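Here's the structure, in structure tokens; my notes come after.
Here, each number is a calculation from the coordinates, and none is a lab measurement. Quick caveat: nothing in here was measured; it's all calculated off a predicted structure. Ideal geometry is used to build each Cβ from the backbone, glycine not excepted, and the neighbour counts take in all protein chains shown.
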Amino acid sequence: MDSQSAPSPQRRQFLYIILGGTAALFAGLAAWPVWRYLLPGRKADAEARVPVPRGDVSPGKAYFFNFRGQPAVILQPAPGKFVALSAVCTHLGCIVQWLPDQKEFQCPCHGGRFNPEGQVLGGPPPKPLALLPLTLEGDQLLVG
């Protein structure tokens, strides 16, 4: 009489290792986004600064660009005076537009208005536009 034999201990151990490794892999894949979310953000360093050629920002004109993944703007309200601002409206996060005839920023969503320094002139925005650090080095404007 031939009785059914139990699987060998080596085979069982191999299956446990494979299943454990697979479970560990899936746990790591599931934990990775949580880990990245909980890590503190990287500190801003010199490489995070955005260079803009000074000649690209004409007096009275606005120059829009991306700064750390967000829309930003450099404005030259008077010759030689530069201002860097976040282009995100503080009301609901719409992107402001520069109106050169009125010399002000306007939010297209709810009509918020900002002066060239980012201060609220009217509408629903609760705070001024965020001012970004700006330095002039040679012919380059460095934001950040």
ask   = Out of (1) assigned to a helix (DSSP H, G or I); (2) surrounded by 14 or more Cβ atoms within 10 Å (Cβ to Cβ), the odd one out for Tyr63 is which?
value = (1)
ask   = So which of Leu85, Leu136, Leu121, Leu129 is part of a loop (DSSP other than H, G, I, E, B) and aliphatic (A, V, I, L, M)?
value = Leu129
request  = Return the total of residues in segment 99-144 being in contact with a helix residue (DSSP H, G or I) (Cβ under 8 Å, 6 or more places away or on another chain) and surrounded by 12 or more Cβ atoms within 10 Å (Cβ to Cβ).
outcome  = 3
